[in-house]
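The values are calculated or read from the model by the stated rules, or taken from the named source; none is laboratory data. This is a predicted model, so every value here is computed, not measured. All Cβ positions, glycine included, derive from the backbone under ideal geometry; neighbour counts span all protein chains shown. Protein only, heavy atoms only, side chains kept; ligands, DNA and RNA dropped before computing areas. Shrake-Rupley method; radii C 1.70, N 1.55, O 1.52, S 1.80 Å.
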Amino acid sequence: MKCIFSRILPLCMTVVLVLLSACSPKEIKEPDFPDTQTLHIGGWVAPPPGYINEKTYQEVADSGINAIYAIYEDADDNAVQALELAEKYGIQYLVRDRSLAGISEEDFDLLPARLEKFKDHPALLGHLAIDEPGPARFPYLAKLKKAYHEVLPNSLFYVNLFPTYSSLAQRNGKDYKTYIQEYIDIVKPDVLSFDHYPLKELSGETQVTEDYLYNLEIISKAAKKADIPFWCFLQTMAYGLTNRSPDYEDIRWQAYTALAFGARGIQHFCYWTPQSGTEYFGEAMIDTNGSKTPIYDYASRLNHELLKFDHIFLSYKSVGQMVWSTEDAPIYTYMEDPLEVFSPVKTVEGGPVLMGCFEDAKGNHAIMLVNMTDPGREEQTEITVKFSDARALNVYTGGEKERMVLKNGKIDLVLESGEGKFIQILS
């Protein structure tokens, strides 16, 4: 009897352990992404001639901007000096050659001599070819781009495009979708860049341009179809009669909204305050005398927030976007063809909230949730998200990760004014 019991006991213990193992919850697996990708953070208007020095380029780097765009210095000794400083402080530099887009096709053979001084410089991002061209220029730009890349094959031939609220005359009579698609088809860019400045103030009341998300939708879909990244400009200063001066909430709202559409880069308009011309410009991150403004702190805070988790975000690709609201959504949240279903998410209650939907190469999912109230009104929004089969979430708030275990497959969130949260869905 004793002998039989000694043989049965180990067998019973083995069975119990197997049953316990089968009943215990599976380990929650988290995607592992190496920190090898960096969000492009550009700044329009580099420190101009007279201010190209160690201090000003240290401040660019400290702000979290990793690519600065020349506007007032030409492709001369100023650009060479700026490139050396950019390299020292780990920044990329976009050269401005004012005559580049004016060179005739017959003179393309002169390009090597003009571009040779910049060849192979480690800080060179590329050249600003032209800002906001009409479609009549596209065939010429395609030829110029080809000639440019024969000299600088690894540099960016940079062109920035009009927003939806540009006029038909500016687009040579083309509708906006055609304008964007013709640019891609003809010029074949490596990056799709555009500007849209949505923050308004009229009669003391803040507003957002009505076609803001629609513009992002057109750009996002066109970039996805062409399999190229897109970069979006942020309104980082007041200008004209109606575009208001932004605070931190305004700037982060624009950034997270663009990221929800899959933007791979943000660009500040502006870093250095432009010199007065035909337009009125308020103060940007740096004023015309080279001093920091409060906007420098707002934008820097946002930049460093994004750089904490950018390699995680950039490991996912955009699937589409949805807007949720308990009542009629704000008019500026209009999209022509929003995503109808994203299977990992059952419902979102509350709002208004924008949800960007993402998937990585292994089928892991993520979402970006953005408070879609006008950030100028400083209103928070409360939402409840119900998931299909998620067991846990990695929630990135202010760039910091928090692991949240789900109860009954849902989570309650508060989104502060202008706030966005990037959420990895774990099963």
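Some points to look at:
- Integer Hz, Karplus 6.51/-1.76/1.60 couplings in order for the range 89-106, x for Gly and Pro: 9, x, 10, 8, 10, 9, 6, 10, 10, 4, 9, 4, 7, x, 6, 6, 4, 5
- With kT/(6 pi eta Rh) evaluated at 10 °C and eta = 1.306 mPa s, and Rh the Kirkwood radius from Cα pairs, the range 227-351 diffuses with a coefficient of 95 µm²/s according to Stokes-Einstein.
- Taking one quarter of the surface of the C-alpha convex hull of the range 340-427 gives a mean projected area of 5.7 nm².
- Computed 3J(HN,Hα) for the range 334-340, one whole-Hz value per residue from the Karplus formula 6.51 cos²θ - 1.76 cosθ + 1.60 where θ = phi - 60°, is 4, 10, 6, 9, x, 5, 8, glycine and proline marked x.
- Ligands, DNA and RNA left out, the accessible area of the range 29-133 computed with a 1.4 Å probe is 46% carbon and sulfur.
- Projecting the Cα positions of 236, 347, 100 onto the charge dipole of the chain (unit charges on Cβ atoms of Lys, Arg, Asp and Glu, taken about the Cα centre) puts 347 furthest along the positive direction.
- As an equivalent ellipsoid, the range 118-172 spans semi-axes of 26, 13, 5 angstrom, where each value is the square root of five times an eigenvalue of the C-alpha gyration tensor, largest first.
- Between the listed residues 408, 299, 286, the Cα displaced farthest toward the positive end of the dipole of the chain, a dipole computed from Cβ unit charges relative to the Cα centre, is found at 408.
- For the range 268-427, the spread of Cα coordinates along the three principal axes comes to 56, 34, 26 Å, biggest extent given first.
- Note on the range 58-163: the alpha carbon radius of gyration divided by the globular reference 2.2 N^0.38 Å gives 1.08.
- Taken one residue at a time, the phi angles of the range 40-50 give Karplus couplings (6.51, -1.76, 1.60, θ = phi - 60°) of 6, 10, x, x, 7, 6, 6, x, x, x, x Hz. Gly and Pro are set to x.
- Residue 300 accessible area, assembled protein chains, probe 1.4 Å, Å²: 10 Å²
- Taking a point 7 Å from the Cα of residue 401 along the Cα-to-Cβ direction, the residues of the range 310-334 with backbone N closer than 14 Å to it are 310-316.
- Where labels lie 7 Å past Cα in the beta-carbon direction, separation of residue 340 and residue 311 in nm: 4.0 nm
- Net length available on complete extension from residue 291 to residue 154 is 45.9 nm, with 0.36 nm assigned per residue and the Cα-Cα distance removed.
- For the range 208-237 and the range 149-177, distance of Cα centres in Å: 13 Å
- Scanning residues 5 or more positions from residue 126 or on other chains, those with amide H under 5 Å from its amide H are 93, 95, 156, with H placed 1.01 Å from N in the peptide plane.
- Computed from point charges on the beta carbon alone (+1 for Lys and Arg, -1 for Asp and Glu), the dipole magnitude for the chain about its Cα centre is near 1960 Debye.
- Accessible surface of residue 77, taken over heavy atoms with a 1.4 Å probe and every protein chain present, rounds to 130 Å².
- Distance from the range 73-129 to the range 302-363 (C-alpha centre basis), Å: 38 Å
- Relative contact order [Cα under 8 Å, 6+ residues apart], the range 163-265, whole percent: 28 percent
- The alpha-carbon positions of the range 88-135 define a convex hull whose volume is 95 Å³ per residue.
- Choice from 361, 147, 299 with maximal GNM fluctuation in the chain (Cα, 10 Å cutoff): 361
- Debye log10 I(q)/I(0) for the chain, one point scatterer per Cα, at q = 0.07, 0.13 Å⁻¹: -0.38, -1.17
- Considering helices alone, the calculated mean residue ellipticity of the chain at 222 nm is -8500 deg cm²/dmol, with DSSP H runs of length four and up weighted by -39500 (n - 2.57) and normalised per residue.
- Calculated FRET efficiency for the pair residue 168/residue 382, C-beta based, R₀ 41 Å, to 0.05: 0.45
- Restricting the range 303-340 to chymotrypsin sites (Phe, Trp or Tyr not before Pro) that sit in a DSSP loop and have at most 11 other Cβ atoms within 10 Å of their own Cβ leaves nothing.
- Under 5 Å, built H, 5+ apart or other chain: amide partners of residue 234: 267, 268, 269
- Computed with a 1.4 Å probe over protein heavy atoms only, the accessible surface of the chain comes to 45 Å² per residue.
- Using C-alpha pairs under 8 Å with a sequence gap of at least 6, the mean separation divided by the residue count of the chain gives a relative contact order of 14 percent.
- Long-range HN-HN contacts of residue 193 with modeled amide H, under 5 Å: 161, 231
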